[in-house]
Amino acid sequence: LHLLSRRQRQMCIRDRFNVIRLEMKEVEIWTDGASKGNPGPGGWGAWMKYKGHVLELCGGALSTTNNQMELTAPTEALCRLKEPCKVILHTDSKYVQQGMTAWIYGWIKKGWKTADGSPVKNAELWKKLYEASKPHKIDWVWVKGHDGIEGNERADFLANLGVEKTLEENKKKD
């Protein structure tokens with residue numbers, strides 16, 4: 001216990017077996033990606049909540065795919081966390097949810113190849129997401145998109161805002 005910082009000591013609790021463990025902050029994240037054309041201009045959005053605090057993030061790219069933006073959104077959100085956290089990460093992308101819960105360990109074991117031996121699509125983005133997820137305990141929750149769920153609707157709005165901002169910034173450069 002003496003090797004921990006003061007903040008870490010304050011976060012320490014003893015469980016019923018007298019084992020010392022750090023209490024992790026619980027963060028809820030909703031993410032979404034969007035593209036206007038596939039490929040085409042795209043955006044990503046993340047809506048993060050922690051104890052009544054909200055952080056909204058968005059960004060985009062001029063030439064991308066929907067799946068690339070779906071992968072970028074949780075990566076960007078997780079990179080904003082300053083310490084290991086317990087995360088409930090909501091996505092309307094089965095590609096992301098299944099990728100992070102079912103497929104990724106096989107890909108890693110096979111050197112980023114799929115079951116049929118072909119290269120994993122978007123491997124660099126998957127690697128970034130995997131690295132960003134490592135410090136955290138994450139529940140990857142799939143939600144139906146465009147079904148009136150507040151967090152998903154907000155993430156969708158932010159993803160589309162990311163597209164708009166990207167297009168506006170590009171117009172200013174011209």
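All conditions in (1) of a type in the set (A, V, I, L, M, F, W, C); (2) closer than 16 Å to residue 70 by Cβ; (3) at pLDDT below 95 hold for residue 115, with the sole exception of (2). Within the span defined as segment 52-73, every residue fails to be part of a loop (DSSP other than H, G, I, E, B) and open to solvent by less than 30 Å² (accessible area, probe 1.4 Å). In summary, helices (runs of 4 or more DSSP H) completely within segment 77-174 and bearing 3 or more residues that are under 28 Å from residue 41 (Cβ atoms) and open to solvent by less than 60 Å² (accessible area, probe 1.4 Å) occur at 94-98, 123-133, 150-173.
Residues that are touching a residue at least 12 places away in the same chain (Cβ under 8 Å) and not aliphatic (A, V, I, L, M) within segment 99-130 comprise 99, 101, 107, 112, 121, 122, 126, 127, 128, 130, listed in sequence order.
The values are calculated or read from the model by the stated rules, or taken from the named source; none is laboratory data. Here the structure is a predicted model, which is why all the values come from computation and not from measurement. Counting neighbours? That spans all protein chains shown, and the Cβs are built from the backbone with ideal geometry, glycine included. Just the protein is used for accessible areas: all its heavy atoms, side chains included, with ligands, DNA and RNA removed. Shrake-Rupley method; radii C 1.70, N 1.55, O 1.52, S 1.80 Å.
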